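To start, the structure itself, in structure tokens.
The values are calculated or read from the model by the stated rules, or taken from the named source; none is laboratory data. This is a predicted model, so every value here is computed, not measured. All Cβ positions, glycine included, derive from the backbone under ideal geometry; neighbour counts span all protein chains shown.
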């Protein structure tokens, strides 16, 4: 059985590699309920441990699963280049369309921005949790 990766909206954990500066190790999971309590990294003897008791019952997290740090910052990964291009084109056409192009462009801009992946970053150990805002996938 093959998995169609375009159908599943994956959650992802990005952990800084302990021996290779600037490199992130990525693990894709089908939501927070598919996590394991440990993962192995290439070139590292000790496995990476995650405390799964910190995952809330709805699948979201508010503390780091790796270090236990409680301060997670949030950012959105959206297709910023496409959004900017769309807005520039809409604003450029605004004088010709009496502003209708801006109104027409508003929906795709809102859709692209709101569909962006939410990334929570631990301020202590720099682990990134991508799309842990949803519970189990259908």
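Criterion applied to 114, 101 was being over 20 Å from residue 38 (Cα atoms) and within 16 Å of the chain's Cα centre (by Cα), and the one residue passing it is 114.
So residue 43 passes all but one of these: (1) surrounded by fewer than 13 Cβ atoms within 10 Å (Cβ to Cβ); (2) not assigned by TED's automatic domain parsing to the domain that holds residue 132. Which condition number does it fail? Of (1) surrounded by fewer than 13 Cβ atoms within 10 Å (Cβ to Cβ); (2) not assigned by TED's automatic domain parsing to the domain that holds residue 132, only one is false for residue 43: (2).
Output yes when any residue across the range 105-116 is modelled with pLDDT of 85 or more, touching a strand residue (DSSP E or B) at 6+ places or on another chain (Cβ under 6 Å) and in a loop (DSSP other than H, G, I, E, B), and no when none is. No: the range 105-116 contains no residue that is modelled with pLDDT of 85 or more, touching a strand residue (DSSP E or B) at 6+ places or on another chain (Cβ under 6 Å) and in a loop (DSSP other than H, G, I, E, B).
Kindly indicate whether residue 61 is at pLDDT 85 or above, touching a strand residue (DSSP E or B) at 6+ places or on another chain (Cβ under 9 Å) and closer than 17 Å to residue 13 by Cβ. Reasoning before the result, please.
On the way: at pLDDT 85 or above: no; touching a strand residue (DSSP E or B) at 6+ places or on another chain (Cβ under 9 Å): yes; closer than 17 Å to residue 13 by Cβ: yes.
No; evaluated as a whole, the condition is false for this residue.
Which of the residues spanning the range 78-94 are over 30 Å from residue 64 (Cβ atoms) and either surrounded by 12 or more Cβ atoms within 10 Å (Cβ to Cβ) or touching a strand residue (DSSP E or B) at 6+ places or on another chain (Cβ under 9 Å) (or both)? Walk me through it before giving the result.
Our first condition is that a residue be over 30 Å from residue 64 (Cβ atoms); within the range 78-94, this holds for 81-82, 84-94.
The answer is 82, 86, 87, 89, 90, 91, 93, 94.
Residue under question is residue 97, and the condition is that it be without any contact (Cβ under 8 Å) to a residue 12 or more places away in the chain, loosely packed, with under 15 Cβ neighbours inside 10 Å and more than 25 Å from residue 20 (Cα to Cα); does it hold?
On the way: without any contact (Cβ under 8 Å) to a residue 12 or more places away in the chain: yes; loosely packed, with under 15 Cβ neighbours inside 10 Å: yes; more than 25 Å from residue 20 (Cα to Cα): yes.
Yes, satisfied.
Considering each of 104, 61 in turn, give the residue that is in contact (Cβ under 8 Å) with a residue 40 or more places away in the chain and either outside the structural domain of residue 16 (by TED's automatic domain parsing) or within 15 Å of residue 125 (Cβ to Cβ) (or both).
Details: 104 fails: in contact (Cβ under 8 Å) with a residue 40 or more places away in the chain.
Among 104, 61, only 61 is in contact (Cβ under 8 Å) with a residue 40 or more places away in the chain and either outside the structural domain of residue 16 (by TED's automatic domain parsing) or within 15 Å of residue 125 (Cβ to Cβ) (or both).
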